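Structure record follows, encoded as structure tokens.
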Amino acid sequence: MSFDLSARLAARRADNLYRHRPLLESPQGPQVVVDGQPLLAFCNNDYLGLANHPQVIEAWQQGASRWGVGGGASHLVIGHSRPHHALEEALAEFTGRPRALLFSNGYMANLGAVTALVGQGDTVLEDRLNHASLLDAGLLSGARFSRYLHNDAASLAKRLEKAVGNTLVVTDGVFSMDGNVADVPALAREAKAKGAWLMVDDAHGFGALGATGGGIVEHFGLGLDDVPVLIGTLGKAFGTSGAFVAGSEALIESLIQFARPYIYTTSQPPALACATLKSLELLRSEHWRREHLNRLIGQFRQGAEQMGLQLMDSFTPIQPILVGDSAQAVRLSQQLRARGLLVTAIRPPTVPAGGARLRVTLSAAHTEAQVQLLLNALNDCWPTLESNHA
Ligand SMILES: *Cc1c(COP(=O)(O)O)cnc(C)c1O
């Protein structure tokens, strides 16, 4: 008996689904060096350009001098330090919720929140296109798990009729591979009508959406009552690393008691919390970053539409170009790379079969001239695609 890993790997290659990791040899930003090649990148999630910001770096360095490097223990033992606590207080204030709890990353925040809130005898209802971490969390919870049609409140309502026990409705705020936003007001209405709780993972909305970067709940003007469980991640627009859950006193205390991915892990380095405190300050105060980003989004959409590219229904920094066939998507990505541009091809199972795409992401660190370079390169490469003539 043996594991036939090579057959699995060969099958993945044959399906054009094999993944490679580009080796980044520079800090994150629009101009990167990857595998020794200088490239203009449109694929990171550093939407506000804070991942390599001098003030954030300085806060990290000072934090390391003051607090050392390692968290040293879990939060419940002796790893919960003053910078972690200060960051939680700042995030609670930022989100307008009574409390916030810091997690090591978004994947763990999602696993922790869902599994702490529902279990056997309960129900978890999720959007079909939710992030993998949310789907995994639902399965791991042991609750009855069902996926409703994408962003469809009527489909959710039908499933709510059959729900048993405590019911948690879970959605991405901004869908990570499509860039469209969830109809959170409608989902909240359905959930509330049935006494269910709504959990929104706004990994891609914080910093980018809302007048002060407050994300999807600020965009729609929704309160704690509408979205009792709000998740944010710190590795995207915040430019650092980590995640948080914001909500009521009872929610946060429950997570501290019952969320296993919170309890059984070492706290993040305190210096990282110092860096995130600085990036939160910049995210809230430097409105020009969001304004510039929104101008770039408009410029890209207008240019791409003129060219006849198939964009998705998105006003967020995630602006995918739908290709369909995986091999074609990879080819287009390679052609762009040959012209000095890095845009990742996203293939199944990350997206549905036949839904391969180039996932263009824009950042406030890009210039209008750089977006124009991307549009010019797409204009050169797109017509050579076979699927385009189908
Ligand atoms: C990136 C992402 C996560 C995971 O967050 P990490 O901090 O990177 O682990 C969770 N949910 C969504 C929607 C994401 O896009």
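Could you tell me whether any residue of the range 92-106 is under 22 Å from the mean Cα position of the chain (by Cα) and without any contact (Cβ under 8 Å) to a residue 40 or more places away in the chain? Yes: one or more hits.
In the range 220-251, the residue that is nearest to residue 168 (Cα to Cα) out of those that are assigned to a loop (DSSP other than H, G, I, E, B) and polar (S, T, N, Q) is 248. Candidates are the residues of the range 268-285 that are of a type outside the set (A, V, I, L, M) and within 21 Å of the chain's Cα centre (by Cα); the one that is nearest to residue 80 (Cα to Cα) is 268. Only one of the numbered conditions (1) part of a helix (DSSP H, G or I); (2) free of Cβ contacts under 8 Å to residues at least 60 places away in the same chain is not met by residue 110, and that is (2).
Suppose we filter the range 105-142 for residues that are open to solvent by less than 20 Å² (accessible area, probe 1.4 Å), away from the ligand (no atom under 15 Å from the Cβ) and farther than 21 Å from residue 264 by Cβ; how many remain?
Taking the range 105-142 as the starting set, the residues that turn out to be open to solvent by less than 20 Å² (accessible area, probe 1.4 Å) are 106, 109-110, 112-114, 118-119, 123-127, 130, 133-134, 137-138, 141.
Next cut, away from the ligand (no atom under 15 Å from the Cβ) only: 118-119, 123-125, 141.
Those still in the list that are farther than 21 Å from residue 264 by Cβ too: 123-125.
Total meeting the criteria: 3.
When 178, 226, 202 are checked against the criterion of being within 16 Å of the ligand (Cβ to nearest atom) and open to solvent by 10 Å² or more (accessible area, probe 1.4 Å), 178 stands alone in meeting it.
Applying a threshold of 6 Å to beta carbon distances and a minimum spacing of six or more residues, or different chains, the list of pairs starting in the range 175-200 at a residue that is within 14 Å of residue 126 (Cα to Cα) and in contact (Cβ under 8 Å) with a residue 24 or more places away in the chain and ending at one that is of a type in the set (Val, Ile, Thr) and in a loop (DSSP other than H, G, I, E, B) reads 198/227; 200/227.
When 213, 247, 242 are screened for being touching a helix residue (DSSP H, G or I) at 6+ places or on another chain (Cβ under 7 Å), open to solvent by less than 10 Å² (accessible area, probe 1.4 Å) and away from the ligand (no atom under 16 Å from the Cβ), only 213 passes.
Yes or no: the range 148-167 includes at least one residue that is within 24 Å of residue 265 (Cβ to Cβ), within 16 Å of the ligand (Cβ to nearest atom) and not in a strand (DSSP E or B). Give the steps one after another, and end with the answer.
The initial filter retains those residues of the range 148-167 that are within 24 Å of residue 265 (Cβ to Cβ), namely none.
Checked the range 148-167: no residue is within 24 Å of residue 265 (Cβ to Cβ), within 16 Å of the ligand (Cβ to nearest atom) and not in a strand (DSSP E or B).
Being at negative phi, open to solvent by 40 Å² or more (accessible area, probe 1.4 Å) and outside any strand (DSSP E or B) is the filter; apply it to the range 24-38 and report the residue that is nearest to the ligand (Cβ to nearest atom). Give the steps one after another, and end with the answer.
Of the residues in the range 24-38, the ones at negative phi are 24-28, 30-34, 37-38.
Next cut, open to solvent by 40 Å² or more (accessible area, probe 1.4 Å) only: 24-25, 27-28, 31, 33, 37-38.
Within this subset, residues satisfying the condition of being outside any strand (DSSP E or B) are 25, 27-28.
On the way: 25: 21, 27: 18, 28: 13 Å.
Filtering the range 24-38 for residues that are at negative phi, open to solvent by 40 Å² or more (accessible area, probe 1.4 Å) and outside any strand (DSSP E or B), the one nearest to the ligand (Cβ to nearest atom) comes out as 28.
Confirm whether residue 236 is basic (Lys, Arg), surrounded by 17 or more Cβ atoms within 10 Å (Cβ to Cβ) and within 16 Å of the ligand (Cβ to nearest atom). It is true that residue 236 is basic (Lys, Arg), surrounded by 17 or more Cβ atoms within 10 Å (Cβ to Cβ) and within 16 Å of the ligand (Cβ to nearest atom).
Considering the conditions (1) surrounded by 12 or more Cβ atoms within 10 Å (Cβ to Cβ); (2) at negative phi, residue 3 is excluded by exactly one of them, (1).
Scanning the range 39-83 for residues that are crowded, with 21+ Cβ neighbours inside 10 Å, more than 16 Å from the ligand (Cβ to nearest atom) and either part of a helix (DSSP H, G or I) or acidic (Asp, Glu) (or both) yields 56, 59, 63, 75, 83.
The values are calculated or read from the model by the stated rules, or taken from the named source; none is laboratory data. What you see is a predicted model, and the numbers here were worked out from it, not measured in a lab. Positions of Cβ are generated from backbone atoms using ideal geometry, with glycine treated the same way; all protein chains shown enter the neighbour counts. Side chains included, ligands, DNA and RNA excluded: accessible areas come from the protein's heavy atoms. Shrake-Rupley method; radii C 1.70, N 1.55, O 1.52, S 1.80 Å.
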